[in-house]
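Read the structure below first, then the notes.
Laboratory data are not the source of any read-out in this text; all were calculated from the coordinates shown. Because the structure is a prediction, the values reported are computed rather than measured. Here the Cβ positions follow ideal geometry from the backbone for every residue, glycine too, while neighbour counts run over all protein chains shown.
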Amino acid sequence: MNEEEQRYEPRPIERKWQQIWESERTWEVPNPGEEGYQPDKPKAYVLEMLPYPSGEPHVGHLKCYSVGDAIAHFRRRRGYEVIHPMGYDAFGLPAENHAIRTGEHPRVATDRSIESFREQFREWGVSIDWTREVSSHNPEYYRWTQWIFLRLLEQGLAYREEAAVQWCPKDATVLANEQVVEGRCERCGTLVEPRRLKQWFFKITDYADRLLADFDLLESWPDNVITMQRNWIGRSEGAEVIFRCEELELDFEVFTTRPDTLFGATFFVLAPEHPAVERMIEGTENAEQVRTYVAEAMRAPTEQRGSAEREKTGVRVERTVTNPVNGERIPVFVADYVLMEYGTGAVMAVPAHDQRDFDFATAFGLEIRRVVEPPEGADELPEDQAFVSHSDREVAINSEQFSGKPSTEVAVEVVDWLEGRGLGSSAVNYRLRDWLLSRQRYWGCPIPIVHCPSCGVVPVPDDQLPVELPEIEDYQPKGQSPLETATEWVETECPGCGGPARRETDTMDTFVDSSWYFLRYLDPRNEELPFDREIADHWMAVDQYIGGVEHAILHLMYARFFVKALADGGHIGVQEPFINLFTQGMITRDGAKMSKSKGNTVSPQEYVERLGADTARTYICFMGPPERGGDWSDEGVEGVHRFLSRLWRLAREVQDRTDSGAAPASQPEAEVRELLTKAHWAIDKATRDFERGFQFNTVIAAVMELVNECYRLKGELLDDEREGAAAALRFATSTAASLIFPFAPHLGAEVWEMIEGGRLWEQPWPEPDESLLSHETFTLIVQVNGKVRAKLEAASDLGDEELLALARAEQRVIEQIDGGQVVKEIVVPGRLVNIVVR
RNA sequence: GCCGGAGUGGCGGAAUUGGCAUACGCGAUCGACUCAAAAUCGAUUGCCCUUGCGGGCUUGUGGGUUCGAGUCCCACCUCCGGCACCA
C-alpha cells in the first residue's frame, strides 16, 4: 500500500456521498397521504432558524446547522420521520442599502447570496429536504404573507393609527419598539428620534397574557429566553385611579402598582407629551415656561431621557388635582421622568415610597409623607431614600381607616373602596407595545391595502394577491417609502368602488415574513392557501428549534403571536410554534466577536475546502457545550481532523486485514471482550448524552475513546488467527462510524460502507448490549477518613462484609488505621468503602 | 439597581443521584520510525515536598452540613448576558 492510499482525503469522500444524497433524494419526506408516507412512524420537526442571505455563510451558520443536523440524524435513526427544511429570510435592509450604493437590484444580490448559501449547505452535507425550500422575497411566498396580514386585519389584529413612533434617521424608517436598543436603532446604532406618523400595527398586546401563560405549554426553553420575554411583556398588577382637576372638570387616570400608598401621594406628574398638558396650562401664569420645558424635553434624545441617574427636572403647573382617597388638592408638575409610553402618561407621586418621586420631591422641596412602616422592632429607616418594601410585614400609617393594617391588605381594600365610588379599579399594565410593522423601505413585502378617497382603507381582495413589488429606479429613502416613485403601481383602482385610489406604499417589517415560514415549509407549493391545515397540524409544532439567542425577544415572540392569531382564526391547531428551543452560543476568535473590521473572521468555506466539512462540523460540536459558545482554535480543528483521519485509517486497515464473514467470538478472549465492552460503553454513553440534551462534545469524546481503544488493541487482534478477534475489531470500527455519523456524516457513511456495506443512515441507532455493560468486577475505592488510600478489583457480587474484609486486608489501609480506633465503616456497593478512624 | 448564567490544570473543557476531581482534545516533554524533516505510532504531563517509597495540597474566596462536597446550604468576590426613571 502506498502513501497516497493511507491518507484521509475528505473531499472525494464528501463529494461522493453528497451526490448520492442528492440523486437519491435521501432526506425528502412526504406529507401524509403522499406516496411513501409512513403513518406508523412518529414525526419530528427539526428546524434551524432560516438564514438571512447576505454575502456568504459564516461560522455562526455552520454551528447552527451542524447542531441541527446532528439532531435530525439522531432522530431519524431513532425511528422518527424527520422533516428538516431550509429557506431564506430574503427581504431586508442590507440588500437594500447595497442597492442604494451600487444601483444593483436587491433581488440580484439576494439571489446571488442565496445561491452561495445553498451551495455551502450542500457542501456541508446538511440533510435538508430541498423540495420544501422557500424564500420570503418570492411572490409565491409573500402572497401568503399578505394573505395572513388580511386575516389579521379581519380579526381586528391589524390596525392603522397615527402614533408617536421611533424613527431611525439613517435607515429612514420607523422601528418597532423591539428594534430600539438603548435609544438606538438595533440595526445601525443610530440614535432614534420621535415622530408622529400614521402606521400599521399588529395588536400583539391583546395576547400579552396568553404569551405569558403559554410558557407552560413549552417543554424545554432556556430560562433566560423565557425571562427576557417575560420582562419584555412586563406585566404588572395594580390599580387605575382617577385624579380629578376640579377647575377644568378634567379626569386623569393613573396606573399604580401600590394603591396602598395612595394616602402618601403629595403631588402629581404629567409626561411632557401628555395630550392634556396644553389644556392644563392654558390661561395660567407660567404657561410659557411649561411650553418651553415641554419643547426641550421632546427634543432630547430618548436615550438621555431614559437614565435613572439623571437629575430630575420638571416644571410646576398652576393647577391642582384631587386625591380621591382623602380629597386633598395636590400640586401638578410636568416632568420628563414620566414616560408617555407606559401606563397613562401621568403618575401620582408618592415620594416616601418611590425612589424617583423621592428624588423629584427632594429637588423641588415637596412634602414627603410616609404611609407605610415596617413592623416594630425593625431597623431604623434611612432618611435619604424612599422606603419601597411591600409585603405582609409592612403596616399602613397615616391612612385614615386603613392605618394599622398590613400593606398588602390595604392595597386590596383601597381598590375596593375606590371601585365602590367609581374612582378607580384594579388594573393590569404591560410594558409590551403593539408591533409596529410599517417600514418606509423598498425591499420588503408590500402591505396589501388600497387607500380610496371615498371608501377609505380598503383591503386588497384575496384573488388579487400577491400585490407584487414594482420595479423602481431609485432606492434612496426620502422620508417616505421609495415605492411612492412607482407612480403606475401606486395609482390603482379601488377594489370597493372602482374609483381611482392609491396603494399603500409602506412595506412590512421583515419579522412578519419570518413569523410564519415554518408553516409554509410544510406545504410549500399550495396555491390555494398558505398551508393546508391538516398537513400543518400533522407536522406542527416544531419539536426542536435551533438558533441564536439574539432572537430571544423579536423573532421568537412575534412567531408565537402569529401562531396564536392563526389558531384563533381557525387556520391551525397549535398554540405554540416551538416546543423545544435551543439557543447556541457565539463563536469568537482570539476572545473577540468576529468582525470584518477586526479581521478575525473565520471562513467556513476555507476549512471545508482544506480539511473537509466533517472536520469543521465535528470540531464545532466538540469545542464545548454549544449553548455556551467558544473560541475558535486552529489547533483544535487540527486535532479533530487528526481524530477523523485515525478513524479512516483504522477502517482502511481493518477492511484490508479482516474478513467480512468473520463470526463473533463465542468464548471471548480478554482483548476481544475489552474492545467489545468499550464499543458498547461508547454506544451507551453517546446515546445517553444525545438524549440528555446537546452535550455533543462528550458524545464525540466517547467515540475518540473507542477509536483509541481500537488502536491500543488492534496489533494483537489483527495478528490473532481466531475469527472473534477480527469480528470484534470490525464491530468496534463500524460502531465508531455509526456514532460519529451525526457530526461527520460523510466519513461515517464511508467507513460503514467499507466495513459493513450498505447505507449507514438506513441503520437504526445502535443499542448497547447490557450484558457487556455489567461487569464481573469493579474498582473498589478504599478510603480512610474520606481519603483514597487504595484501589482494588473486587467481584461485583460481593456483600458489604466481604468488601470491608477486602479493604481492611490492604497493606496501606492497615498502615493508615494503625493504632486508631475504627468508629464507622461506610460501604457503597459497587463503588467504595470508607473507614473512619479516630 | 433588578433578573438570569458562569468561575475546575498552561488552554478548550469532563465529572449522570453527594462517592476515584481533571475524561476527551489542544499545547508541552521524551521515545520509535527517518540520512533528516513532516506525517504517523507510543509514553509522560494539576501543584508542592521527596533520590526513591511515599506524603501534602487543589474545583473564585470564607464559613457550614456530611463518613464523604466541584456538586447541597449561608455570606462574599469576579466575569458574561439581559432589562432598567415601567409608576
_Distance between region A:491-510 and region A:272-289 - C-alpha centres, whole angstrom_ = 40
*Given Cα pairs under 8 Å that are at least 6 residues apart, what percent is the relative contact order of chain A?*
14
*In debye, nearest 20: dipole of chain A around its Cα centre with unit charges on the Cβ of K, R (+) and D, E (-)?*
1140
_In nm, spacing of pseudo-spin labels at A:Ser796 and A:Thr362 (7 Å Cα→C-beta vector)_ = 7.0
*May I ask which residue of A:Phe243, A:His571, A:Met340 lies farthest towards the positive end of the charge dipole of chain A, with charges of +1 (Lys, Arg) and -1 (Asp, Glu) on Cβ and the Cα centre as origin?*
A:Met340
*Evaluate the Debye formula for region A:593-735 with equal point scatterers sitting on the alpha carbons, no solvent, and hand back log10 of I(q)/I(0) at q = 0.20 Å⁻¹, in q order, two decimals.*
-1.15
_Give me the extension gain from A:Arg235 to A:Glu28: residue separation times 0.36 nm, minus the current Cα-Cα distance, reported in nm with one decimal._
70.1 nm
*What FRET efficiency comes out for the pair A:Glu318/A:Gln355, r = Cβ-Cβ distance, R0 = 22 Å, nearest 0.05?*
0.20
*Only residues of region A:265-283 count here: report those whose backbone N is under 19 Å from the spot 7 Å along Cα→Cβ of A:Ala164, or say none.*
A:268-282
*So what are chain A's ellipsoid semi-axes, whole angstrom, largest first, if each one is the square root of 5 times an eigenvalue of the alpha-carbon gyration tensor?*
61, 42, 23
*Please list A:268-278, A:216-226 highest first by mean number of surrounding beta-carbon atoms within 10 Å per residue.*
A:268-278, A:216-226
*Residues whose placed amide H lies under 5 Å from that of A:Glu318, excluding near-sequence neighbours*: A:Asn286
*asked:* Test of understanding: ordering A:His641, A:His451 by Cβ neighbours within 10 Å, fewest first, what list do you get?
replied: A:His451, A:His641
*If you build the Cα gyration tensor of region A:336-484 and take the root of 5 times each eigenvalue, what three semi-axes come out, in whole angstrom, biggest first?*
54, 21, 14
*How large is the helix-only mean residue ellipticity at 222 nm for chain A, computed as the sum of -39500 (n - 2.57) over DSSP H runs with n ≥ 4, divided by its residue count, in deg cm²/dmol to the nearest 500?*
-11500 deg cm²/dmol
*Can you list, bin by bin at 10 Å, the percent of alpha carbon pairs in region A:686-785, starting at 0?*
13, 38, 34, 11, 3, 1
*Per 10 Å bin, what percent of the C-alpha pairs of region A:42-86 does each bin hold, from zero upward?*
28, 47, 21, 5
_Which order do the peptides A:119-126, A:107-114, A:364-371 come out in when sorted by mean C-beta neighbours inside 10 angstrom, highest first?_
A:119-126, A:107-114, A:364-371
*Taking chain A as the reference, fit the longest principal axis to its C-alpha atoms, fit the long axis of helix A:10-23 to the helix C-alpha atoms, and give the angle between the two in degrees, 0 to 90, nearest 10.*
70
*What is region A:205-297 by shape, rounded, prolate or oblate, if you read a ≥ b ≥ c off the alpha carbon gyration tensor as root eigenvalues and call it rounded for a/c under 1.5, prolate for a/b larger than b/c, and oblate otherwise?*
prolate
*Cα-only radius of gyration and Dmax that characterise region A:1-126, units Å*: 18.4, 60
*Around A:Ser389, which amide H atoms from residues at least 5 apart in sequence, or from another chain, sit under 5 Å from its own amide H, with H modelled in the peptide plane?*
none
*Any chance you could check the Cα centroid distance between region A:73-112 and region A:201-260 for me, in angstrom?*
36
_Rounded to the nearest 20 debye, dipole of region A:51-186 from Cβ charges on Lys, Arg, Asp, Glu_ = 460
*So, by mean Cβ neighbours within 10 angstrom, what's the order for A:475-481, A:542-548 with the highest one leading?*
A:542-548, A:475-481
*Would you mind classifying region A:320-362 by shape? Square roots of the alpha carbon gyration tensor eigenvalues, ordered a ≥ b ≥ c; an a/c under 1.5 is rounded, otherwise it is prolate if a/b is larger than b/c and oblate if not.*
oblate
*Over all alpha-carbon pairs of region A:80-198, lay out the pair-distance distribution in 5 Å bins, whole %, shortest bin first.*
2, 9, 13, 13, 16, 18, 14, 8, 4, 2, 0
_Per-residue HN-Hα couplings for region A:39-56 [Karplus 6.51, -1.76, 1.60; θ = phi - 60°; Hz; x = Gly/Pro]_ = x, 7, 7, x, 8, 9, 9, 9, 9, 9, 4, 6, x, 8, x, 9, x, 10
_If each residue of separation counts as 0.36 nm, what is the full-extension length gain between A:Ser425 and A:Glu182 once their alpha-carbon separation is subtracted?_
84.1 nm
_Separation of alpha-carbon centers, region A:514-558 and region A:824-838, rounded to whole Å_ = 56
*How do A:Phe731, A:Phe149 line up, fewest other C-beta atoms within 10 Å first?*
A:Phe731, A:Phe149
*Work out how much length A:Glu550 to A:Glu193 would gain on full extension: take 0.36 nm times their residue separation and subtract the Cα-Cα distance, in nm to one decimal.*
126.1 nm
*asked:* Please list 3J(HN,Hα) in residue order for region A:427-434, calculated via the Karplus relation 6.51 cos²θ - 1.76 cosθ + 1.60 where θ = phi - 60°; whole Hz, with x for glycine and proline.
replied: 8, 10, 10, 10, 7, 4, 10, 5
*Using Cα-only point scatterers and the Debye equation, what is log10 of I(q)/I(0) for region A:166-239 at each q in 0.12, 0.14, 0.19, 0.20 Å⁻¹, rounded to two decimals?*
-0.48, -0.63, -0.93, -0.97
*Go ahead and run the numbers for FRET between A:Thr779 and A:Arg393, Cβ-Cβ distance against an R0 of 51 Å, rounding to 0.05.*
0.40
*Under the Karplus curve 6.51 cos²θ - 1.76 cosθ + 1.60, θ = phi - 60°, whole-Hz ³J(HN,Hα) for region A:759-773, x wherever Gly or Pro sits*: 9, 4, 5, 8, 7, x, 4, x, 10, x, 8, 4, 5, 7, 7
*asked:* Nearest 10 degrees is fine. How inclined is helix A:554-568 to the longest principal axis of chain A, computing both from alpha carbons?
replied: 80
*asked:* Could you tell me the relative contact order of region A:624-771? Use alpha-carbon pairs under 8 Å, at least six residues apart, and round to a whole percent.
replied: 31
*How far apart, in nm, are the 7 Å Cα→Cβ label points at A:Glu716 and A:Thr588?*
4.7
